[in-house]
Each structure stands twice: as structure tokens, then as C-alpha cells.
Amino acid sequence: MKKILITGGAGFIGSHVVRLFVGKYPGYHIFNLDKLTYAGNLENLRDVEQMENYTFIRGDIVDSDFINQLFLQYGFDGVIHLAAESHVDRSITNPLEFVYTNVIGTVNLLNAARNIWKENMEGRLFYHVSTDEVYGSLGHEGIFTEETRYDPHSPYSASKASSDHFVRAYHDTYGLPVVLSNCSNNYGSYQFPEKLIPLFINNIKNNKPLPVYGKGENIRDWLWVEDHARAIDVIFHSGKKGETYNIGGHNEWKNIDLIRLMCKIMDRKLGRTPGTSEQLITYVKDRAGHDLRYAIDSGKLQKELGWVPSLQFEEGLEKTIDWYLSQTEWLKNVTSGEYQKYYEQQYVKR
Ligand code: NAD
Ligand code: TYD
């Protein structure tokens, strides 16, 4: 049985990757390593926790002794690395936390993998999951390809760019078998309600203001999280060693247009008079260093590995809204405690 370590598996994207791999590959044993920060939630994995080919391990990738010991104990065959601090606004408030987890945590994992694989790299793979934000910001023209020069602006994207460079350096310097992907903004179930889509669904539901940064003119390229998980599966199994693949659905939305669409759908679903939820839109001070536009060219992944997104955005957004409206308990649990404190700091004192 192959032993695969997935880091950050209790988070938003990680939980979808764990679910996909545990269900699809009974010949793999999936080890989910997660620190369970505010963003990690084992409730995201209720349906897989009893599976025989699944083990959860609580631990911090920043702790190098613990990580080295874990790799020696289990002798993993492959790593899919998603654990990270992932929210741009938090990175502006506390950049060092992003350096610890995203940079040092990644280097700890690379060292541990190199140490146990150094005699035999055959059949091993270190898959690093990254973001399109490393490429910086586009104007109204252009698109990110795998050749686009790195130009990160936020502490989050700078830390992810740094981790990407380390992964490539371990390939070039030590021959570590690696593969990388850079994906655009994800949406779907189990996303922590600090990111735009789940935050606004929750606020619309509760008749709370919708804090739009700046003029709402920024553009993001949205991909359904389960399509990202499917791309990770394809790249893990068929991607070329040392290569990078961009992942995205060619689905750009100006924030304000997306927010208006969400308001419209939710008016319908909540039985409100059309136009009611839009009144919650509140323009607030812009995010510092706010990237104008992201857009991803996933042509390489589509041509070379045959991946295509499965869902139209409008359909995915409806599904996502339905999911959050039905998950009152999940939302209540994640929006209490730590998250609530952060929310006050971010928005009430803004
Ligand atoms: P998330 O914040 O929802 O989840 C991150 C997970 O990592 C959490 O379960 C958390 O507990 C865990 N974690 C954090 N610090 C840790 C540490 N020190 N040790 C062990 N575990 C730790 O993030 P996400 O949105 O699911 O993103 C997952 C990965 O995908 C990240 O690497 C992110 O950069 C990348 N990514 C995200 C998006 C997106 O739109 N969300 C897009 C492209 C790439
Ligand atoms: P976010 O979900 O934080 O993702 P990222 O910044 O990583 O792309 O934000 C998506 C867009 O929505 C981004 O342009 C910032 C904007 N935004 C708001 O206008 N208000 C908010 O409260 C949040 C969280 C985001």
C-alpha cells in the first residue's frame, strides 16, 4: 500500500483532496497532517474519518523535529502539500506567521522528504500546491502562464512565491522529484467564511453589511474547488517531474458583479423582494496593495494532461449557496470563538 501524506487536509481545499483520494484510491493509505489552526476543521471530514485507509495526525509543519520523526516513522511515498496560512488580509496584519508556516514549514517538509528518499527517489513525489497570486497583478489585458515572472505583492503571495522557489531549488540542487501547480481563486463547500464568497453568503443570510474593498473593481478568476481537487489528482499521477501547471477555469468576475449576482440568487432563495440584499453593499477602505486582476491560462494542463473544469460558474455558485444555507451548524461552529475575534478586529475597527 502506498503511503501518501496530505498536509493541510482539514482546510478548505485539502479536505476535498483528502475525500477524493481516500474514496478513489483504496490502494493508498492517506495520512492527513494538520495543525488545526482557526482554518482547519475536522468537521470538514466527518464522512471519511472512519475509512480504513485514512489516518489523521495533528501536528505543526514548522516543528522540524516532529516532521523528521514523522517521515522516518511512516516512510511516505508521496507528499501533497497544501498546509498554509492562506488569507491575504491576515498576512497584512501578521506577515511573520506566513513566513513560518508557508516558507519554513515547506522547507522542513522538503528536508524530511529528501532525507528519507535520498537513497532511492524512484516512484516518489513531492507535490507543492500553490497560487496564481505569486505572479502579481494584471492590468486589464494579459493572462498568467507558467512562464510569467513572479511578482508577488502581499505578504501571503510573497511567502507562497518563496516556498515555490524552494521546491524548485530542491529539484535542481538535490534531484528531489517535485511537481507544482498554481491555481486561481477557489470557491465551494467548506471554505472558511473570511474569504469573499462564504463571508458574503453568511452576511447576506444574516442581513449584515457586505464590506466591498475599494470600488469593487478588482477581478478574480474563480474555479470550483472540486475541479481543483480533480486537477491535483491528475497532476499527482501524470504530471512531469520538475514541471509547473497552472490551474483555472477561464472565469473572470469583477468583484461587484459577482456580489450583485450573489445578492440576486440569495434574494430568490430566501424569498426576499428582488434588490433587498444589494442594499447591504457597503464600500469600505481598500485592502493595502490590492491586486487589480488575476487571470490564469490553464492551457498546458488541458493540452498535456487532458484536465477540463466540469462545472459552469453560475451552477457552481448556486450549489455553493445551497450548501452554506443548509449547513447552519457548521457555519455556527466556525464563526464562533477565534474567528469571531478576528472578525471584530478586521471589520469592526476598520
Ligand atoms: P485553508 O486556510 O482553508 O487551509 C489551510 C490548512 O492548513 C488548515 O487546515 C490549517 O489548519 C492547516 N495549517 C496551517 N498552518 C499549519 C501548520 N503550521 N502545520 C500544519 N497545518 C497547518 O487554505 P486553503 O484555501 O484550503 O488552501 C490550501 C492551499 O492551496 C494553500 O497552500 C493555498 O496557498 C493554496 N491555494 C488556495 C487557493 C484558494 O482560493 N483558497 C487558491 C490557490 C491555491
Ligand atoms: P479573497 O476571497 O480574500 O481572495 P484573494 O484576495 O486571495 O483573491 O478576496 C477576493 C476578492 O474580494 C479580492 O479582490 C478582495 C475582495 N474582498 C472584498 O471586497 N471584501 C472582503 O471582505 C473580502 C474578504 C474580499
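The values are calculated or read from the model by the stated rules, or taken from the named source; none is laboratory data. Only a predicted model underlies this, so the values are computations on that prediction, with no experimental measurement involved. Note that each Cβ is placed from the backbone with ideal geometry, even for glycine, and that neighbours are counted across all protein chains shown.
Is region 230-253 home to any residue that is assigned to a loop (DSSP other than H, G, I, E, B), within 15 Å of the chain's Cα centre (by Cα) and within 9 Å of ligand 2 (Cβ to nearest atom)? Scanning region 230-253 turns up no residue that is assigned to a loop (DSSP other than H, G, I, E, B), within 15 Å of the chain's Cα centre (by Cα) and within 9 Å of ligand 2 (Cβ to nearest atom).
So that you can scan it fast, the table gives a plain yes or no per residue for (1) within 15 Å of ligand 2 (Cβ to nearest atom); (2) crowded, with 20+ Cβ neighbours inside 10 Å; (3) over 19 Å from the mean Cα position of the chain (by Cα):
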residue	(1), (2), (3)
Leu125	no, yes, yes
Gly142	no, no, yes
Arg149	no, no, yes
His153	yes, no, no
Val167	no, yes, no
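Count of region 1-45 residues, restricted to those that are away from ligand 1 (no atom under 13 Å from the Cβ) and either at pLDDT below 95 or of a type in the set (A, V, I, L, M, F, W, C) (or both), is 6.
Please specify each residue of region 1-20 satisfying the condition of being touching a helix residue (DSSP H, G or I) at 6+ places or on another chain (Cβ under 8 Å) and closer than 17 Å to Gly123 by Cα. Within region 1-20, Lys3, Ile4, Leu5, Ile6 meet the criteria.
The set of residues in region 211-235 being closer than 19 Å to Thr131 by Cβ and either surrounded by fewer than 18 Cβ atoms within 10 Å (Cβ to Cβ) or more than 15 Å from ligand 1 (Cβ to nearest atom) (or both) consists of Tyr213, Asp233, Val234. Looking across region 80-117, just one residue is free of Cβ contacts under 8 Å to residues at least 12 places away in the same chain and assigned to a loop (DSSP other than H, G, I, E, B), and that is Asn94. The set of residues in region 140-181 being within 21 Å of Gly299 (Cα to Cα), of a type outside the set (Asp, Glu) and modelled with pLDDT of 95 or more consists of Gly142, Ile143, Phe144, Thr145, Thr148, Arg149, Tyr150, Val178, Val179, Leu180, Ser181. Cβ-Cβ distances below 6 Å connect the following pairs, each with a first residue in region 276-302 that is more than 20 Å from Asp151 (Cβ to Cβ) and hydrophobic (A, V, I, L, M, F, W, C), a second residue that is in a loop (DSSP other than H, G, I, E, B) and at pLDDT 95 or above, and a separation of six or more residues or different chains: Leu280/Pro209; Leu301/Trp307.
Within region 33-42, none of the residues are touching a residue at least 40 places away in the same chain (Cβ under 8 Å) and part of a helix (DSSP H, G or I).
Based on this model, can you work out whether Lys208 counts as within 11 Å of ligand 1 (Cβ to nearest atom) and basic (Lys, Arg)? Steps first, answer last, please.
Working: within 11 Å of ligand 1 (Cβ to nearest atom): no; basic (Lys, Arg): yes.
Answer is no for this residue.
Filter region 56-87 for residues that are within 16 Å of ligand 2 (Cβ to nearest atom) and buried (at least 20 other Cβ atoms within 10 Å of the Cβ) and give the result.
Across region 56-87, the qualifying residues are Leu82, Ala84, Glu85, Ser86.
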